[in-house]
Amino acid sequence: MNLVEAHQEYLHHITAVEQKSMKTIESYERELNRYLAFLESRLFQQVEDVKYQDIMDYIALKKENLAPSSLNHLIVVIRSFHQFCEWRFGIENPAALIKSQKSEKKLPVYLSESELELFLTPLSEDAQEIAQVAIFELIYGCGLRVSECCSMQLGQIHLDRKMLRCRGKGDKERMIPMNDRQVAAITRYLDEVRPKWAGKRTQALFVNSRGTPYKREEIHVMIKKRCQKLGLDERISAHSLRHSFATHLLDGGADLRTVQELLGHSDISTTQIYTHIQNKRLKDAYANFHPRSKKEIKNE
């Protein structure tokens, strides 16, 4: 089977049959384009000519410049493509024995409650600051992914009921409560800023001074500049606000299942990383403050 034709049929399958989200389809297509370009550089034209070692050579090549998570995504896409070819065309799957790479789980960066208070306190009264605080309040207060914030529409937010309807990964919807500070920040933005910036046709909740919806990169830059100005950890990102949301909920006594639902995690194992944060803090506190943690007990 010709590689290009198999590629096209695979994309049609994950679009029309599996009905994966557009973001997933786009990411799969990008990975496959790179993979097929590698195979073409080795003069492969047929799927059945690809062997296990060829795929391993490609993985070894990409491993030099990719983080473990990105490498594992690449492996998932390649496995999925060859599984499809096996099912659709009866071609032996050369990726069947390829396993995901083990990666060390790093604890996410988050802000303490005092750091967060500093981060969310308005630094001025201008329109840019009002918009930024509203965005940050929403991301932290509802534990949103930055992409979810950027795609938020006016019809998804219900200030009178203090509820937000969020469309997350896989187009799954979840309802998230809002607090008074969020409502106040967003109300001020809607009253004072958005009418001046937004065009009549756009329904995006957050628009920049050009009248277009904020992009993820813009929000990341805003956060970096704010952290530099406030002297906060330079590793803090939009996702750190989401991590802070989850961590502070668990610190306050919320159960893991509730946090999982609010974050929109399909698997609770993803949410369990936050229990590791709590465990680490307990160990650090014990090591720093217990009177015998750093003292040797001598035999008398």
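The values are calculated or read from the model by the stated rules, or taken from the named source; none is laboratory data. Quick caveat: nothing in here was measured; it's all calculated off a predicted structure. Every residue, glycine as well, gets a Cβ built from its backbone with ideal geometry; the counts of neighbours run over all protein chains shown.
Summary of values
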item: Condition check for residue 221: assigned by TED's automatic domain parsing to the domain that holds residue 271, surrounded by fewer than 16 Cβ atoms within 10 Å (Cβ to Cβ) and under 22 Å from the mean Cα position of the chain (by Cα); result: yes
item: Of all residues in the stretch 220-279 being more than 21 Å from residue 179 (Cβ to Cβ) and touching a Pro at 6+ places or on another chain (Cβ under 8 Å), the one that is modelled with the lowest pLDDT; result: 277
item: Within the stretch 249-261, considering residues that are out of contact with any Phe, Trp or Tyr (no Cβ under 8 Å at 6 or more places or on another chain) and surrounded by 18 or more Cβ atoms within 10 Å (Cβ to Cβ), the one farthest from residue 140 (Cα to Cα); result: 260
item: Cβ pairs under 9 Å, 6+ apart, first in the stretch 1-23 and among the basic types (Lys, Arg), second surrounded by 11 or more Cβ atoms within 10 Å (Cβ to Cβ); result: 20/14; 20/28; 20/170; 23/147; 23/169
item: Residue match in the stretch 162-169 (condition: touching a Gly at 6+ places or on another chain (Cβ under 7 Å), exposed (fewer than 15 other Cβ atoms within 10 Å of the Cβ) and either within 24 Å of residue 24 (Cα to Cα) or of a type in the set (A, V, I, L, M) (or both)); result: yes
item: The stretch 175-207, residues that are surrounded by fewer than 16 Cβ atoms within 10 Å (Cβ to Cβ) and either hydroxyl-bearing (Ser, Thr, Tyr) or not in a helix (DSSP H, G or I) (or both); result: 175, 177, 179, 187, 199, 200, 201, 202, 203
item: Odd one out for residue 91, checked against (1) in a loop (DSSP other than H, G, I, E, B); (2) buried (at least 19 other Cβ atoms within 10 Å of the Cβ); (3) β-branched (Val, Ile, Thr); result: (2)
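Rundown of residues vs (1) at pLDDT 90 or above; (2) among the polar types (S, T, N, Q), yes/no style:
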site: 28; (1), (2): yes, no
site: 35; (1), (2): yes, no
site: 64; (1), (2): no, no
site: 78; (1), (2): yes, no
site: 85; (1), (2): yes, no
site: 101; (1), (2): no, yes
site: 104; (1), (2): no, no
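Results for (1) more than 26 Å from residue 170 (Cβ to Cβ); (2) touching a Leu at 6+ places or on another chain (Cβ under 7 Å), shown as yes or no for each residue.
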{"site": "26", "(1), (2)": "no, no"}
{"site": "30", "(1), (2)": "no, no"}
{"site": "40", "(1), (2)": "yes, no"}
{"site": "77", "(1), (2)": "no, yes"}
